[in-house]
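Each reported figure results from applying straightforward, stated rules to the coordinates on display, with no laboratory input. Here the structure is a predicted model, which is why all the values come from computation and not from measurement. All Cβ positions, even for glycine, are placed from backbone atoms using ideal geometry, and neighbour counts span all protein chains on display.
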Amino acid sequence: MSDTPPDRLSADPTSPFHDAALLERGVGIRFKGVEKTNVEEYCISEGWVRVAVGTSLNRRGQPMTMKLQGPVEAWFRDDAGPGAQNPE
């Protein structure tokens, strides 16, 4: 598996940009220099993130989101990918 996250990733399982394996590995997002923990979807090349707004849900039970424009950085929180050796 690559050490760089994909250009676009979504936490919504119905999205074509959803990848459960990458989400389990953990992806960190920095938007405009601030680390965000409520990001539902991001796109690095287009420069936007979709963040959850409060705890409200839409009619399909998904979090209400807002799209914010700006510079986006993404990285894997878990540096060791699948198949990495365990230090013991």
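What share of all Cα pairs of region 8-76, in percent, falls into each consecutive 10 Å distance bin?
21, 55, 24, 0
Run the numbers for W75 and N38: contour at 0.36 nm per residue of separation, minus the present Cα-Cα distance, in nm.
11.8 nm
Dipole size in debye (nearest 20) for the chain around its Cα centre, Lys and Arg Cβ +1, Asp and Glu Cβ -1? Display every interim value, and only then the final one.
Values: 10 positive and 13 negative charges, 112 e Å.
Approximately 540 debye in magnitude.
Within region 2-24, what residues put their amide N at less than 15 Å from the label point 7 Å along the Cα-to-Cβ vector of R30?
5
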